[in-house]
Structure formats: C-alpha cells, structure tokens
Amino acid sequence: MVRNTCTIIFLLFCLLLGGAEANAFDTDVYAAQSRLASGQWHKISVSETGVHFISREQLSSWGLKNVDKVVVAGYGAAKVPDLLSPDTYVDDLPEVPCLRTADGLYFYGVGPEMTETDINGHITSLLNPYTAKGYYFISEGVPAAKIPAEGRAEVVPFAQTTFMSMLGHETDRVSYGNTGMRFFGEDFRFTPRHSFSFELTDKVDGTPVWIKCNVAARVSGKSEFSLKVGGTAPAGSSVELPPVSGANYGVGGSIEVNIDTDLSTLPVELTFAALGSVSAANLDAIFVNYTRNIALDRGTAMFNASSTAVRLARADASAIVWDVTDPLAVKRMNTEESDGGVAWVNDYTGVRKYAAWSAQAKLPSPVYEKTVTNSNLHAMDVPDMVIVTLPALIEQANRIARIHENIDGMTVAVVQQSHIFNEFSSGAPDFGAFRRFFKMLYDRSVATGNRFKYALMFGRATFDIRGITPTGAVWSDPVMPSWQSAESLIETASYTTDDYLAFLEDNSGLRPGADTYSIAIGRIPAGNAADAKAYVDKLEKYIGGSASGDWHNRVIMTADDGDMGIHMTQADELIEAMCANPGGKAMVYDKVYIDAYPLVGGVCEQGRSLLHRLLDSGAAWWTYTGHANKYYLSAQGIMTLNDINSLSNRKLPVFFGATCYFMQWDGFEQSGAEKMFFRPNAGVIAAISATRPVYISENSLLSRALGRFMFARDRDSGKPLTLGEMLQSAKNSLGAMAGTSNTNKLRYALMGDPALRVATGDYTASLTELNGVDVSQAVDSDIVLSGRENVTLKGYIADSHGELQSDFNGTVSVTLYDAEKSVTTQGRNIDGTMGRQVVYEEHGERLYAGRDTVAGGQFSMNISMPAELADNYRNALISINATDETRHATGTFYDFYVYGSDETALPDTVPPVIETFYMNHPTFVSGDKINESPMVIASVSDNIAINMSTAGIGRAMSLKLDGVQSIAGVSDYYTPFSDGTPGGTIALPLSDLQHGAHELTLRVYDTSGNYAEATISFTVDPSALPEIYEVYTDVNPASVEANFYISHNRPDELLTVTMSVYNLMGSLVWSKTVTDRNMFTSAPITWNLHDLGGHRVVRGIYIYKAEISANGQRRLSKGRRIAVTGK
C-alpha cells in the first residue's frame, strides 16, 4: 500500500537544491560592454580559412571611407568548444589584427573547416556542424590590434622546407537518422561509381601518398566499397560493411591506403556493390596527405612547420609571411631573401601555422551579409530567468515574461538568439553561444548573489541548422541550433540534449553524465507563431488557476505490458519515490497498467477507455513507463496518433514518459509529445521525456530520482519546486551518486516552462475528525465507515509548516474511495507468450463525491454512505481538494476502513430526480438534429445522495445508446453541486456517433438503491451547423472597451470565433479571431474601441457580428448595434 512505502528524505532535497559551492570564472573575464553596443557594424562572411583582402572600393560601398580606421572583430567559424575552460574561452568580439595598405585591408579569416592530426601524424578535417560560413564584424573606430614583426631574418642550413599537406573532399547532404553531427555526401545507390581528382601541387618526389575514404551504408545484406587510384586497386583498397542490425541507422567504414606515385594529378575512383536491399550508400569524406614543398603557389601558401627555422620557396622580399597559429595574435615574420625564396627563424617553438602571399596574389574577399542591430547583452543585469527566442516568437515570449514578472515577482529577460550569436559565437548559429551567455550570467550571479535560475529556449530545435538536407534546404520555419552527439549511425549512441546549457561550472562539458546542472532548462519547441500562441494561451490559463476541481491531487500512472512486467514494477517504484515526502502522499494514484486488461484485436480497449476517462477528469501528473515511438505510446493502442490529435481534456497534466523517442523535437515533424503540448486548450501543459532511445534499466534511475523531487519544496520559500528545478535536482542526484556518470539522463528534457509550478497545491488540506473520531489520536482500526451510514468529517487548510490559513475562504471537494484492492495482471509478453504476472495495489472505486465551503480555513461535510460496498476489509481513501481565489490545497487520508452496513439507518424510498437531460444546449428538444460528437448533459439530485459506487450489480450510474450499447465511466464525468446539496451535473462527451436516429437512456441511483431514468431521442446529422443563440456585449454604450460574448451549442468543442465590427456604411472597422473551448458561452473577446489601424474610433453607432466555425462548419450571427461614446 502506498502509505506504507513512503519515506521522507528531506535532507537529500536540501542538499541537492542548495547545490555545491559554485565554480565560476572571475567576472573580469567578461567585457562590461559589448563591442556591438554602439556604432554602425556590418556583418561579413568568409567561406574558407586564409588571408582575405577587402579593397578600398569594397569598404567604401559598405560605408567605410577611411581604411586606417576600419576595425574587424570576431573569430569566424571557430566552433565553440564543449569544455568551459578559461584557457579556451573567448569573450565578446575580439579585434582581429589587420594589415592596412593604400589598396585596402588584409586579415586572416577562419572558415568552417577544422583540421585534426591523429597519433600517426595523419591529417583529416571536420566541417563545423553549425555553419558553412565564418562571420566577422566590421566598422570604423580606433584600431588597437597590432601585427608585430617578430622572428629573425636569417638563413639556416637545415631550415624546414617541406610539410604534410592535406587535401579533402567532403559534401554534407544527408543524415541517416536525422540525428548527430555526422552528415554524408555523394549517393552511390543509383550511381555506384564516382570519380574524384586531387592536385598534388609541389609534391616532394619519392614520397608516399596517404588516402583515407570514410563511407557509410544501410543495406539488408553485406556491402562493399572499393577504391582505385590511377586505375589500380592498391592493397587494402576495399572495406566490407556488415548488414545493418537492429534499429541502427547505418554502418560506417573506412579505407586507408599508402601509395607511391609520381602523378601530379591524383585520380580516385570509388565503387559500391551490395547484396540485399540498399536503403542508403554514401561517401562521407576523402582525405589525401602528401609531403609538399613549402613554396608559394599562385602567390599564396598555407602550411605548418614544427621547426623554428623555415624556408619559403618562390618568394621574394615583397612576400608577406604571417604566423597565424593564434588567429587573434597574428605575427609578421622578419624574413631574409635567399636563393629564390625567403627564410626566417621563429622565436616560438612547437608546431606553428603560417600564411604567406605575394603582392601579385589574388586573395579571396569576404562577402557582405548585412548591417547589424546594436546589442549589449554584456551590460545586462543578472535576471532570475532568460527566455531565448526568435523574432517570429518574441511576442509570445514577452507574454511569458510578463506572467512571471506579475505573478512570481521574477525578473525575466527576453533575448533574441541572433544577438547571442553575435556577442558569443562571432555571429555563427553555434549552440555553444547560448552556454557562453548563460555562463556569463551565472558567474556574475555567483559574484553578486543575484541568482540566475532558469533558462527557457523558446523555439524549435533542429539537427540541421545549416539547412543542408533536402528537407532542411526548403524548411521555412524559424529554428534554433541543438547540441548533437558526434555519433550519428548507432541508434543508442546518437542523441541530442539541452543539458549542456545547464553545465556552467568551470571546466564542465567533457563529462556530461557527471557534470553539475547549475540552472534549470526548459524548451518550448514552437516552429511558428500559431503554435507559440496556442501554448502560451494554455500556460496563462494554467497559471491563472482557471480549472478547479479534484484533479489537483491526482496522478495517472500508465505502464506498458511485456518485458517480464518491468514497466509496472518501475511505475510502482516511481510512486514509492513520489511518496518520499508529504506532497506525494497527498496524491491519489490512478493506475492504467496495460497487462491488467485483455487485448481485443491487439488493442487494450479497456485500458484505453479508462486512460481517456481519467484524462478527461483531470490529473496534475500523467506518467507512462514502457515502449513508444515518435508518434504514439505503446503498441497496444492506448494512445494513438489519432487519439493525440483528438484530445479534448480541459485540465492539463504534466506528462512524464520513461520511454523512447516520444519527444524527438529536433526533426522536421512534430513528435507525439509536441502534438499534445501544442494542442490548443487540451493535451498537456508540459512534458518530461526522452528525445532519443533510452535504456529500460537506466530509465528506472531517472524515474526514481525525479519522483523524489516531484513534490519537494524549496527549502527557503517553502513553495513546491518548479518543473525545471525538479529535473535539475533529479539529474544532479544521479550525477552525484558515488562519482558515477549516467549519460542516459541526457536524453531526457523538459518541454515547457522551467519556472512553472505544477498545480498540485501550495497548501495542505488535513482531516481533524472523521465520524466523531479525532484522527490524530486514532489507530488504524479505530475508524470504520459502514454502508448507508451518515458520516461527518472535519478538517482545515494549512501551510507547509502546518499553520492554519485563517484567510482561506473557498470551496472544498471531497472524494471517498472504496477499500484498496490487489490486481493480478495477465503476464503477457509482447510476442503473446506467457511472461511474469505482477500483483499491484490500487485504490477502490469512487463511492462519493461532494463539495462544500471553506470558511476561515476550516471545513466540515456530511457524507451519505452508499449501501453497496466492496467486501474487502482494507484501508480506504479520502481525497480532499480546496480552492479559494488564488490558492489550492490538497490532502489524502488512508487510516480508516469502509466495511459492512449500518443496520440502524432509516429506510429511504425517495428516488433521485433527473432534473435536466439534453444534448449540447438547454434548448435541445428530444428528436433534434445534432452533430457527430455531441455532449450529453444532465442535472440530477436526491434527498440524501447520488450513488457513485459500482460495487452493487446494476446500480451504477449508466448511459445506454439505442438500448444495447452501454457507455462506460459515466460517474467519471459527474461533478457534485458546489453548494453542498446532494446532486450534481453530468457532462459526458460522445464521439463519432453513426449517422441517423438514436435513443439515449440515462439511469441514476441514490445511495439507498432507488433509481430514476430518462430517455431522449436525436438524429445525428454530419451537416448540422453550430448554432449561435445570442451575441451580446457587457457595456453599451462603450467608452473604454467592450467585451463580446457568444452563446452557442457546441459545449467544450474547439471553436474558432471571429468577432467583427462594422460602421453603418458596412465597412469593416475591427476584427479579432480566437480559438477556444467553453461550455455554452465563449470567453470574452475584447475590443479596445480602436480600428484595424490602431486609431481610436469616433463616436457613433456600430454593428457587431460573430462567426463561429468548428470542423469546417460555419455559422454567422445577425448584426447587433453598439454605441461608442467620445473619449
């Protein structure tokens, strides 16, 4: 039983929430003002590494007239490293050393190709995964960076005259799994042979050539790539690739050969052959290394030298030689002309990188990109929260900022990602720029004590920020770069994560599984303004607490079948972890374990029906443990893609999915989790799940860790942790376990606002007395509630310290559940064979639900027990929810029993009353035409109480369609009257009714077994239009604003409502469209008495009309008049 498995580990919460001593850079590392804070700056780009030239004419065309005052700043396409070290950190936009002449300006630019040298001295290259260009910024100012002349102009007999040159061919076009940093080029499926040519310029005679080809394929059988050089296949010139196994995206391989050749042009031919079905076959890259003479070629040279003494051939005294080992500290070598070349001795040892050119050389010129808007993030005060977004989404980002500022008293900064790129990654869309920005804020917060807590990435992530794949090339939605693993072919090793954004300690980034999470991270992966608005609308309502009821302390636990019952075991372990603090004990756990139900045609119909009823009733949390793919949960059909697209639940849970792929948010299609997240007025308010495959065993670690923090409280404020803090604390607890490194957790992310608190209640609702017994003095067996007994309960509302909240005045909802029961599952494996049966515990059926008032923080209520109870002497459950205008309180009580019957109870022969029973709207008349998915609405009452128990055969609240089809779970859609009188309303949505005539019969029982029954008839007509019964305004005449309302007959259906205002000439003055779900009357649509141009309308009479549309059907209202006064 839940309460017996709970333990309190508050000290662990305090330790992890407090964090370790911060490890931060000295704040002097960061500029007080960004270089871009003032002046007119222009953004330019380079596509290759080397010396670039900007002529005076080019500078003049950019508005830069004086070459001597031109300043170039930035560091091009140098990728921001994952390691946050003071040794590699570059702040803001450092000035680039430039050579200014009468002709123009020379500077060394860094392009997107990065070279690497292995332990054998072989050189390969890697393209920057974020950008195909290196960016710099140029303006007029006072140049400060100098190019000193260094080294000795001296000819040394044993000067270095050769170097290892690398030629490469790499074209990034294809991603096998839409994951990871590795992309592939030429396609060998339809053209199995490709030829390439490499110029071995200035090759040293008699030296070998090293060639490496990296390839990949996805073939059902074996495949082979083979290499020929100059028409000959050298030894080791082929690689055999095995069939792709499991769910891997492909298999990679490489060919390495050494050849002797005197050819100056090296022809390379690559051929592919396969046995089996070929899904993909591609070249990754070809690298050629050869020993080359150090000499100018067409007036330029780029080379490395390990000797301090170097000689450059085919050069004269006019040649310029730069040491560009550090592109931001270029040095000009003093050279001495010697025997058709120049020579020098460098003062620095080690491998040095040089760039040289002659006056006659034709050097590349940068490309003008645009004029840059000034920004100054470096001067920003440290906020509580940063929201990073894009121009198309900034309006909604600002709404979230205002919500937190007004409700939580937070300071929130909204920042466009382009400004971060400009100041923290030299203009490139590098994911590391976000982290550098956050590092600056974090380090300053450590120094000042103004804590930087949350970062929200408001925009869709993409694995293809360069737009190089066929889909990415035409993708028009705004996107953000994402961190991707280097691995791209092995499914279980390739992943994306936002966690690096939280690794802000010094020297973090190399061991992400063990690094400390310094801040809480969340993402709203909106790809367009419509999705962004739909979500922020939901968030605003959620934080505003518009949805009251008993859902605030309910948790839906869903578990898959198969795998020897491990998913159910892990779900139960998650409950145990959640109950490790009082907040978790105050929750009611509804279990939907798939293996407890039979499959019908491969579908778990009963489990699916129960899950959707529970979602409609509402829950604060919804968890799922088991298998999934990108689009749906479980192979047993409990939550299909169609289900997700049809969700209509008004009370939004936070979803936690211990499962694979379901939140893959960086592809070109929305995942199932995203569809739930962005579904207007339904779905979920946030989700924590995996963006890639994860391991069952390691999922358990994260589930239990998260569970321990789901209901924890901040040790300073006493408030519940925010979603971001929950996940931050959980991941930190895993990283802190005996120095272990759990990288599985990196695949899990928070989709949603990291500063959002789950609507589980800031306060506690506690019982003081039940049936005349002081619960604080009672032992487990002292309290027994019997059938037909009249029971009284009393309680109070308290804060986290147990203090009575005497200013709490509102409504309390109490639900009584029957005795706890054991359920034995079927023990079904995924393949249909017999697996392991699991026995789990769950609370009994709902016996009673009622509402009453809370006054001065205290409440009391009378409960009329039903006659029928489960014959099960085990603990029962009372759930309590209380609400005032701004606060929620929740609680549970387990230490009692419901059993037997009260033989002294007076007989009751008065049946309940069905006061109203209709479809869609009170104007419904039996026999009317309705739509295919209507809502059944009824109001019922009794002199004692309405029965909700299902223990008695045939005495449950029921609906029957056409006399044969029973509609399950009617009592789940029953809401008691708020004034405490015995009765309530039923609002049950039906879906996909067959066209034609039908009858619907409602039967309800009271707790004494008396019943009432009513029948209505109707005709389902798919062409039935929504009806507008009334359009009205709350003021007339209007002087400041007017709120319009529309009364309709599509309760709880997602409606698009357009309100339009016209002048008496029939010209449109103002119009607004909203999409929302309400029962009978739309939410107010506010007109501020301004026209579409933003001008205040003149005094006069105007006509307003409404149009509603649902599922492609439209209805226009008649026009009504409104008077507008003068200002």
R0 of 41 Å, Cβ-Cβ distance ASP782-GLU915: FRET efficiency to nearest 0.05: 0.55
Set of region 284-310 residues, backbone N closer than 18 Å to the point 7 Å along the Cα-Cβ line of SER47: none
Relative contact order of region 965-1050 (C-alpha contacts under 8 Å, at least 6 apart) in percent is 18
In percent, how large is the relative contact order of the chain, given Cα pairs closer than 8 Å and 6 or more residues apart? 8
Mind checking which aspartates and glutamates have their C-alpha under 19 Å from LYS1118, skipping anything on the same chain fewer than 8 residues away? GLU1027, GLU1030, ASP1034, GLU1107
In nm, the gap between the two label points placed 7 Å beyond Cα toward Cβ at THR640 and ASP316 is 8.2
Only bridges whose two residues both fall in region 913-1020 count here: according to DSSP, what percent of them are antiparallel, nearest 5? 95
Cross-link table LYS439/LYS630; LYS331/LYS362; LYS65/LYS133; LYS79/LYS146; LYS43/LYS439; LYS65/LYS353, entries beyond 28 Å C-alpha to C-alpha: LYS439/LYS630; LYS65/LYS353
How much length would be gained if the chain were fully extended between LEU363 and SER800, taking 0.36 nm per residue of separation minus their Cα-Cα distance, in nm to one decimal? 150.3 nm
Can you spot the lysines whose alpha carbon is less than 30 Å from LYS585's alpha carbon? Ignore those fewer than 8 places along the same chain. LYS453, LYS538, LYS541, LYS651, LYS719, LYS731, LYS745, LYS794, LYS821
Counting other beta carbons within 10 Å of each residue's own, what order do VAL1004, VAL1031 fall into, fewest first? VAL1031, VAL1004
Full-extension gain in nm, THR904 to LEU1068, via 0.36 nm per residue minus C-alpha separation: 51.9 nm
Please give the residues of region 922-938, grouped as numeric ranges, whose backbone N is less than 15 Å from a label point set 7 Å along the Cα-to-Cβ vector of THR1019. 925-932
Sequence-distant aspartates and glutamates (8 or more away, or on other chains) whose Cα lies within less than 18 Å of LYS533: GLU395, ASP477, GLU674, ASP753, ASP1076
Which value in nm describes the separation of the simple spin-label points at SER822 and ALA153, placed 7 Å from the Cα toward the beta carbon? 9.7
With a Förster distance of 30 angstrom and the Cβ-Cβ distance between ASN528 and THR371, calculated FRET efficiency to the nearest 0.05 equals 0.65
So which GluC sites (Glu not before Pro) in region 888-951 end up in coil per DSSP with only 10 or fewer other C-beta atoms within 10 Å? GLU903
Can you compute the modelled spin-label distance between ASP774 and ASN66, with each label point 7 Å from Cα toward Cβ, in nm? 8.9
Which whole-number percentage describes the relative contact order of region 913-1020, with Cα contacts under 8 Å and a sequence gap of 6 or more? 34
Euclidean distance between Cα centres, region 713-785 to region 902-949, Å: 38
Return the percentage of antiparallel bridges among DSSP beta bridges fully within the chain, rounded to the nearest 5 %. 80
Count the DSSP beta bridges whose two residues both fall in region 615-734, then state the antiparallel fraction as a percent rounded to the nearest 5. 25
Each residue of region 369-383 in order: what ³J(HN,Hα) in whole Hz does its phi give by Karplus 6.51 cos²θ - 1.76 cosθ + 1.60, θ = phi - 60°, with x for Gly and Pro? 9, 5, 7, 9, 6, 4, 8, 8, 5, 5, 9, 5, 5, 6, x
What whole-number distance in Å separates the alpha-carbon centres of region 610-662 and region 329-407? 46
In the list [x] 76, 35, 27; [y] 72, 31, 24; [z] 65, 34, 29, the entry giving semi-axes √(5λ) of the Cα gyration tensor in Å computed from the coordinates is [z]
How much length would be gained if the chain were fully extended between ILE967 and ASP807, taking 0.36 nm per residue of separation minus their Cα-Cα distance, in nm to one decimal? 53.3 nm
Amide H contacts of PHE655 (H built 1.01 Å from N, under 5 Å, at least 5 apart or other chain): TRP622, ILE685, ALA686, ALA687, ILE688
Helical mean residue ellipticity (222 nm; -39500 (n - 2.57) per DSSP H run of 4+; nearest 500) of the chain: -3500 deg cm²/dmol
To the nearest 0.05, what FRET efficiency results for HIS1095 and ASP871 with a Förster distance of 56 Å applied to their C-beta separation? 0.15
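Quick note: the coordinates plus some simple rules give every number you see, no bench work behind them. Note that the coordinates shown come from a computational prediction; the quantities given were computed from them, not determined experimentally. Positions of Cβ are generated from backbone atoms using ideal geometry, with glycine treated the same way; all protein chains shown enter the neighbour counts.
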